[in-house]
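Please read the structure below before turning to the comments.
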Amino acid sequence: MSLQVNKLKKLYKNISSSIWDRIPFSYSMDFRYSEVTITENLLFDIYKFNINNPSLAINIFEAKNEKANGNDLELCLEIEPNKYIILVIQVKKLYFTTQKYHSISHKVNGKYQIDLLEDYAKREKAIPLYMFYNYAPDFKNKNKKYYGCTLAFSQFIKEHYYLKVSPVRWKIPTFDELHQKHHAAPLHTLALNGLKIKKTIDKYCKNYNIYTKNELVANDRWVEIFDKKNQDSLKCTSDEFEPKYRIILGGNI
């Protein structure tokens, strides 16, 4: 495994461990630790990491659309030299008391978020995923803190929890259902050989594009976040899947 991949793996593990620790702390202190706040912290951790590892050339962009959602994002992952795939991500936080992802069945203007996510991915030729922010006190795993941030394919969620009866009903997944059988994987699994990641993705999603970095950077829907003159507070008003952030992660080869 290359030095760059090892560095990314350590970053992802640190992010996950931080989330795992902060969720119960915020709960015990009775203050809000929202999906938007966790995502902002994740971005800061990546930014700070990139300052100390400039050779990885990570770029963080913010949507120009002010209505974009602060807890939705894109990860652009390098799978071969200058060849990237786009992971479009819907974030969900585990409910501390019930150990369920109740908001996974959320609707926006009468349409389920999972459909909006998949519609967006289809338009952008990207891979739709869920990212889960977790803390599970009864989870029996020696590396349990690395499950503070996990990923699952949207297709898997839809096939197993989005019940196509009339009307559509949801079976709300629990932490154990998604993680004891490894249906959701820790964030650091992204720090693998890029072609191995592509092989896994191809099991769930075929219709996606391969992009060059120039194509990703040149997209006029995004502005590099630390080049902005003014940093406005986050707004979360979009009634579609409209990611607020795009992160271009090199070095995964």
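The values are calculated or read from the model by the stated rules, or taken from the named source; none is laboratory data. Note that the coordinates shown come from a computational prediction; the quantities given were computed from them, not determined experimentally. Cβ atoms come from the backbone with ideal geometry, glycine included; neighbour counts cover every protein chain shown. Surface areas here come from the heavy atoms of the whole protein model, side chains and all, with no ligands, DNA or RNA. Shrake-Rupley method; radii C 1.70, N 1.55, O 1.52, S 1.80 Å.
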Discussion item. Looking for something part of a loop (DSSP other than H, G, I, E, B), touching a strand residue (DSSP E or B) at 6+ places or on another chain (Cβ under 8 Å) and either hydroxyl-bearing (Ser, Thr, Tyr) or within 30 Å of Lys198 (Cβ to Cβ) (or both) - is there at least one such residue anywhere in the range 66-87?
Written reply: yes
Practice prompt. Determine if the range 42-53 includes at least one residue that is open to solvent by 60 Å² or more (accessible area, probe 1.4 Å) and of a type in the set (A, V, I, L, M).
Written response: yes
